[in-house]
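The values are calculated or read from the model by the stated rules, or taken from the named source; none is laboratory data. In this text, all values refer to a predicted model and were calculated from it rather than measured experimentally. Using ideal geometry, Cβ is built from the backbone for each residue, glycine included, and neighbour counts are taken over all protein chains shown.
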Amino acid sequence: MAEHIIVVGKGGVGKSTTSANLAAALAEAGHRVVLIGYDPRWSATATLRGTSPLLPVPEWQNGDVVPHYAVGFKGALCIEAGELTIEGETSRSAELLYHPLLVRHRPNFIVHDVAWEPGASFLLPPASEGVPRLLVVTSGDMTSINVVNELFSWLNTVASSNCRFSGVVINNLKGPLYESIISDFVSRTGTVVMASVPHSVMVSVSDFYNQTLIEAAPWSHNAYAYRKLARQIEDSAVVPRPVYLNGEELANWARKWGEIISELETGVVRDGSSI
Ligand SMILES: Nc1ncnc2c1ncn2[C@@H]1O[C@H](COP(=O)(O)OP(=O)(O)O)[C@@H](O)[C@H]1O
Ligand SMILES: [Mg+2]
């Protein structure tokens, strides 16, 4: 049975970059991989499918809206299913998993690049598919940390029994300060950082080439970070389930970091004496 990895986080934090590179690293390691994107702009699989054109999934018998597919890097099956998740069509995305195209592919891993924040309409795979794993992507800013906290809340309530946790990926890191901020938040919630991926101009290069970093820049620091992430996913690394912070706890935590950052920026410590 395939392992389902559900990649979530605020819009723009790097979910598609993470999903495609994780899928590429798993495929490079010899796994049979499917990457499913749920963004109607078909952006999720662009780097993994490269120059292979997206074609309508054949023999689609689940309504007029047809998902598209291509075979990409190392035989990875790329599917764009964004149209299936627009309002009223949510349930159709589950039908994909039983389509002959996917079944014949016999995937070990299905990576779901979910254009999704808590409260939106993505459905977890049906229980017959086993318990999926949630991988949360964030950058260093407070708005994406807020979404992480909401996802942790969702994981402890709605998805407390039908979803496992695979850790946090910090993406687009612009320096050690931001790594400290997120690491502190993650340890405050009792869990762990799975991967730290720096900001890199090579990500744009790979976007322009329509290739993942694994393909376009195989020796880059970021490619190694994705291979390491893939190994932890392969090994089903045990990750502590996070708690979430209530409004007051989150505000206190954020204020502490606001003070630290302004002290660093201004060189003035809280009691007024300069450093
Ligand atoms: N580590 C990184 N370094 C530099 N640019 C990045 C990095 N990760 C993502 N990006 C860029 O940020 C933008 C948003 O990334 P994307 O993966 O599409 O986010 P999401 O899928 O969460 O909306 C893209 O233009 C991508 O190239
Ligand atoms: Mg995306």
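With respect to residue 255, determine if the residue is more than 16 Å from ligand 1 (Cβ to nearest atom), of a type in the set (D, E, K, R) and over 16 Å from the mean Cα position of the chain (by Cα).
Criteria met by residue 255.
Of the candidates 249, 234, the single residue that is more than 17 Å from the chain's Cα centre (by Cα) and either surrounded by fewer than 18 Cβ atoms within 10 Å (Cβ to Cβ) or among the aliphatic types (A, V, I, L, M) (or both) is 249. Within the option set 23, 29, 81, being of a type in the set (Gly, Ala, Ser), in contact with a Leu (Cβ under 9 Å, 6 or more places away or on another chain) and at pLDDT 95 or above holds for one residue only, 23.
Here residue 152 clears all of (1) closer than 30 Å to residue 66 by Cα; (2) away from ligand 1 (no atom under 16 Å from the Cβ) except the condition numbered (1). Residue count for the range 186-208 under the criterion of being touching a residue at least 24 places away in the same chain (Cβ under 8 Å) and either within 18 Å of the chain's Cα centre (by Cα) or over 22 Å from residue 166 (Cβ atoms) (or both): the result is 13. Among the residues that make up the range 5-25, is at least one of them more than 20 Å from the chain's Cα centre (by Cα), more than 16 Å from ligand 2 (Cβ to nearest atom) and in the same structural domain as residue 199 (by TED's automatic domain parsing)? The answer is no, given that none of the residues of the range 5-25 is more than 20 Å from the chain's Cα centre (by Cα), more than 16 Å from ligand 2 (Cβ to nearest atom) and in the same structural domain as residue 199 (by TED's automatic domain parsing). Within the range 32-49, the set of residues being outside any helix (DSSP H, G or I), modelled with pLDDT of 95 or more and not β-branched (Val, Ile, Thr) comprises 32, 35. Check whether at least one residue in the range 59-66 is hydrophobic (A, V, I, L, M, F, W, C), in the same structural domain as residue 169 (by TED's automatic domain parsing) and either within 23 Å of residue 162 (Cβ to Cβ) or within 16 Å of ligand 2 (Cβ to nearest atom) (or both), and report yes or no. The answer is no; no qualifying residue exists. Only residues that are in contact with a Ser or Thr (Cβ under 8 Å, 6 or more places away or on another chain) and either of a type in the set (Gly, Ala, Ser) or away from ligand 2 (no atom under 16 Å from the Cβ) (or both): list them for the range 26-45, please. Matches in the range 26-45: 37, 43, 44. Looking only at residues in the range 35-50 that are buried (at least 24 other Cβ atoms within 10 Å of the Cβ) and not hydroxyl-bearing (Ser, Thr, Tyr), the one that is nearest to ligand 1 (Cβ to nearest atom) is 44. The residues in the range 168-194 that are not hydroxyl-bearing (Ser, Thr, Tyr) and not in a helix (DSSP H, G or I) can be counted, and the count is 12.
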